[in-house]
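Peer 1: Got a structure here, written out as C-alpha cells. Questions coming.
The values are calculated or read from the model by the stated rules, or taken from the named source; none is laboratory data. Computed from a predicted structure; not experimentally measured. When we count neighbours, we look across all protein chains shown, and the Cβ atoms used for this are built from the backbone with ideal geometry, even at glycine.
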Amino acid sequence: MKKIISYFLQGLLLVAPVSITLYILYLVFATIDGWLSLTLEKMFEFSIPGLGIVLLFILLTLLGLLAKTALVRPFKLMTQRVIAKIPLLNLLYSSLTDLFSAFVGKEKKFNTPVKVLFNAENNLWKLGFITKEQLDEIEEPSLSAVYFPHSYNFSGELYLVPNNRISKINISPAQAMKFIVSGGVTNLDT
C-alpha cells in the first residue's frame, strides 16, 4: 500500500505543476478571449476562437506605438495631472505604474539580486532585489531598499537594510526570482 501511495504522489508531482500552469493559462486565455469574442460576435455576427486574444495583442501594440507619438503625450500628461489630484486613485495608479515599469519599463528595478544577512548570530540570510541603492530622500544614505518576494505567492515585503548587510549575488534576476518564488526548491543552474 505504501508503494502505491508513493507512486501516486510521484505521478501527482509529475503532472500537477504542468496541469496547474496550463489550467491557469487556459483560464486567462478563455476569460479574455470570451470577453472580446462576445463583443466581436455581436458586432460581426461570427465567432473565431482566439480572435479576441489576437485583436487584444494588436490593439495593445498599436496603443504602445501611439503612446510614443507627440499627439498622445499632452492627453497622457493631462490624465496624470487629474489622477494626481484624486488621493486614493493617485495612490493606486502611481503604485501600479511604478510596479509595471519596474518589470517592463525602461528602468527595470528587479535586476540586482542580493542576499541579506538577517541574523548574524545564526548566520541567516534572505534573498531579494535592490530596488533603490541609496535612500537620500528619507535621509538614510547608509540604507538600501530591498524587496523580498514571498515564496509561492505574488506578494512580498520591502525592507530598508544597512548596506553592510547586503551582498550582491552572481545569478540572473530571473533565476533569483524563480528560486525565491519556488521556496528554494528550483535549481539555480536551469
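Peer 1: Sort out which residues of segment 161-190 are closer than 12 Å to Gly128 by Cβ, of a type outside the set (Val, Ile, Thr) and at pLDDT 80 or above, and write them in order of number.
Peer 2: Arg165, Ser167, Lys168, Pro173, Ala176, listed by residue number.
Peer 1: Which pairs do you get when a residue that is on the phi > 0 side of the Ramachandran plot, found in segment 32-59, comes within reach of a residue that is surrounded by 14 or more Cβ atoms within 10 Å (Cβ to Cβ), reach meaning Cβ atoms under 7 angstrom, with the pair 6+ apart or on two chains?
Peer 2: From segment 32-59, the pairs are Gly50/Asp33.
Peer 1: Could you list, in sequence order, the residues of segment 78-90 that are loosely packed, with under 10 Cβ neighbours inside 10 Å and either at pLDDT below 80 or closer than 22 Å to Leu63 by Cβ (or both)?
Peer 2: Arg81, Pro87, Leu88
Peer 1: Out of all the residues in segment 133-170, which are closer than 22 Å to Val181 by Cβ and not in a strand (DSSP E or B)?
Peer 2: Answer for segment 133-170, where residues must be closer than 22 Å to Val181 by Cβ and not in a strand (DSSP E or B): His150, Ser151, Tyr152, Asn153, Phe154, Ser155, Ile169, Asn170.
Peer 1: Identify, by number, the condition in (1) out of contact with any Lys or Arg (no Cβ under 9 Å at 6 or more places or on another chain); (2) under 15 Å from Phe118 (Cα atoms) that Ile166 doesn't meet.
Peer 2: (1)
Peer 1: Have a look at Ile130, Ile180 and point out the one that is assigned to a helix (DSSP H, G or I) and among the aliphatic types (A, V, I, L, M).
Peer 2: Only one candidate passes the filter, namely Ile180.
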